Amino acid sequence: MHELSKALKSIWCFAKWVRIESQLSKKLSQFSSLKWSDIDHMTTTFKKKIEILREKFFFSSSQANVNNIAKSFIFLTVSFNSRITEDEVKQTIRRVKADKASSTSDISNKALQASLAELISVLMSLFNACIIYKYHLKQFKKTQTIVLCKSKKSDYIDSKMYRLIALLNIMSKALKLIMIKRLSDIVETHYMLSNAQMRARRKQFMISTLDLLIDQVHTVWDCEIKYVIFMLSLDVVEVFNQVSHVRLLHTLKMKRTSSYIIEWTRSFLKNQETSLIFNEQMSNMRKINADISQRFLISSILFLFFNASLIEKCEALRIKIEVLDFVDNINILVYNRFTEEICKTLSKAHDVCVKWACTHDATFASEKYKLTHFTRKLKRFDMMTSIQIESSVIKSKSDVRVLKMQLNMKLQWDVHLRQIKTNHITRMLTLSCLEVFT
């Protein structure tokens, strides 16, 4: 404990261990049998498990209807400085933690940082060539992916109980970070995306989304006319596996993005390869069928471009509606004096989402739909109102979980505080047990 107190980072690592790892039973050294998604057949061989995991994480069935895309229209692009400077390369490589894991065949970031003075001119020439020739190197597309069990699950026979950690080429990671910064600069300078679209945006994080949501609710509450607010939360299924390259690149053109970024993105998305690692075994390199892999930081901002048209269509309904987009989580807020009118408006907004999904080969998980309401006058409105969406009836709940925060109808923190206290008791018991052994 004395050593932990010397560094703030060590204290946070210890707190994370107390919160998560200390409460778990010791994991088995071998993976359990895995079940195929559609049948009850179980498999125990390494090759079969690899096939199941590949189908789960990297399968793509993108069949978007792209017939309405204008092929001959010329879009004027915004200005873009294609030259990467020496300072950019230095700052980017130093941003990555020295002990950050990389692919087993790759040079470590610690070694790269130590020899940066000698390699800076080579790296700068390499990165500039990638931008000028609009090409992402084949070697940069090869990754190694570790398969890990999700915590606190009852069994692990389903592939959904696992998650991935990608070990990337350090130089590839540096180039992508530079491209993320360049793309973010263009987005914010030329207002390419709606303010309702969060994450992967400069100075817009999870707390920014919650602040915006709370501000919108209080703004409606402060009106002279007393409104009730209903929020419908939608979740996109396998968000990164269902992205149409054609739609994404067309949207980048529509937003007047530079051809350097568009063509480099086209090259970046093609022919990615990865090998899976688990049980101390590694599979062969195989091409990834997924369209945008969520393992890459740049995927989040690219997906914001992909679903930008959905946010614009919802905002263009010209009714009392607000939209909040946090990558694959879309929250539609509607306010009115009458709950019946709110239900009609939400149905219209949902129809817009369904039409967008048909042309973009996206799917909304209807079983994850959530409906909640925000009001200070509980007796004035019918809080038991439900809405009919397709074949499902969605009932309103008194509280909802938004980005790891529990919100109730009056925007009070009672529910969230109770959850924190429950977790706090568990952690204190863990610390008490630890104190016995020290």
Would you calculate the convex hull of the Cα atoms in the stretch 339-438 and tell me its volume per residue in Å³? 146 Å³
Want the number for S398 to E188: 0.36 nm per residue separation, take away the alpha-carbon distance, what's left? 72.0 nm
Label-to-label distance, nm, for residues given as K368 and T44 (7 Å Cα→Cβ offset): 3.4 nm
Quick one: Cα convex hull volume of the stretch 145-237, Å³ per residue? 182 Å³
From the C-alpha coordinates alone, can you work out the Kirkwood hydrodynamic radius of the stretch 96-200, in Å? 16.7 Å
Give the accessible area for L317 in Å² (nearest 10); use a 1.4 Å probe, count only protein heavy atoms, and leave out ligands, DNA and RNA. 50 Å²
Report Rg/Rh for the stretch 305-377, rounded to two decimals, where Rg is the Cα radius of gyration and Rh the Kirkwood radius. 0.96
Quick calc: nm separation of the 7 Å Cα→Cβ label points for K377 and E51 -> 6.3 nm
Which ³J(HN,Hα) values in Hz, rounded to whole numbers, follow from the phi angles of the stretch 133-149 under the Karplus curve 6.51 cos²θ - 1.76 cosθ + 1.60, where θ = phi - 60° and Gly and Pro get x? 8, 6, 9, 9, 4, 4, 5, 6, 8, 8, 9, 10, 10, 8, 9, 10, 6
Would you calculate the separation in nanometres between label points at L417 and C358, each defined as 7 Å from the Cα along the Cα-to-beta-carbon direction? 4.8 nm
Let me cross-check D414: its accessible surface, 1.4 Å probe, with only protein heavy atoms counted, in Å² to the nearest 10? 80 Å²
Provide R266, R337 ordered by accessible surface of protein heavy atoms (probe 1.4 Å), highest first. R337, R266
With a Förster distance of 22 angstrom and the Cβ-Cβ distance between S309 and R266, calculated FRET efficiency to the nearest 0.05 equals 0.70
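The values are calculated or read from the model by the stated rules, or taken from the named source; none is laboratory data. Source: prediction; values computed, not measured. With ideal geometry, Cβ positions are generated from the backbone for all residues, glycine too; neighbour counts draw on all protein chains shown. When the accessible area is computed, the model is the full protein with side chains, heavy atoms only, and any ligands, DNA or RNA have been set aside. Shrake-Rupley method; radii C 1.70, N 1.55, O 1.52, S 1.80 Å.
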